[in-house]
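Undergrad: Could you have a look at this structure, given as C-alpha cells, before my questions?
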Amino acid sequence: MKALISELVAKADLSQEQAEKVANVVRNFIGSKVPDAVRGHVESALTGEKVEGVIDAAKNAVSNFLK
C-alpha cells in the first residue's frame, strides 16, 4: 500500500490523505471482486505482506472458480 500511495502522490498529484483514501478504495474494490479463497493473498500482496505464492493461489482459485 505504501508504494501505491507514493505513486498516487507523485503521479496523480494527490495529497497523502487523498492518496490513502484512494488506495483503500482500490484495495476494497479489488477485494470484493476476487474469490474468497484468494482474498487474503490479494490483501497481503497489496499491503506488502507475505507475497510468496500469491500468484499460484490466485491461479488455483480462478481455475476452481471457472470449473
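Undergrad: Can you find a residue that is closer than 25 Å to residue 63 by Cβ, surrounded by 14 or more Cβ atoms within 10 Å (Cβ to Cβ), out of contact with any Ser or Thr (no Cβ under 9 Å at 6 or more places or on another chain) and at pLDDT below 90 anywhere in the stretch 17-33?
TA: Within the stretch 17-33, one or more residues are closer than 25 Å to residue 63 by Cβ, surrounded by 14 or more Cβ atoms within 10 Å (Cβ to Cβ), out of contact with any Ser or Thr (no Cβ under 9 Å at 6 or more places or on another chain) and at pLDDT below 90.
Undergrad: Can I ask one more? Is it the case, given these coordinates, that residue 44 is among the hydroxyl-bearing types (Ser, Thr, Tyr), surrounded by 14 or more Cβ atoms within 10 Å (Cβ to Cβ) and without any contact (Cβ under 8 Å) to a residue 24 or more places away in the chain?
TA: Answer is yes for this residue.
Undergrad: Taking the stretch 1-16, which residues are modelled with pLDDT under 95, part of a helix (DSSP H, G or I) and either on the phi > 0 side of the Ramachandran plot or of a type outside the set (A, V, I, L, M, F, W, C) (or both)?
TA: Passing the criteria: 2, 6, 7.
Undergrad: Kindly indicate whether any position in the stretch 50-63 is of a type outside the set (Asp, Glu), in a helix (DSSP H, G or I), within 10 Å of the chain's Cα centre (by Cα) and at pLDDT below 90.
TA: no
The values are calculated or read from the model by the stated rules, or taken from the named source; none is laboratory data. Note that the structure is a prediction, hence the values are computed from the model and not measured. So basically every Cβ, Gly included, is an ideal-geometry build from the backbone, and we count neighbours across all protein chains shown.
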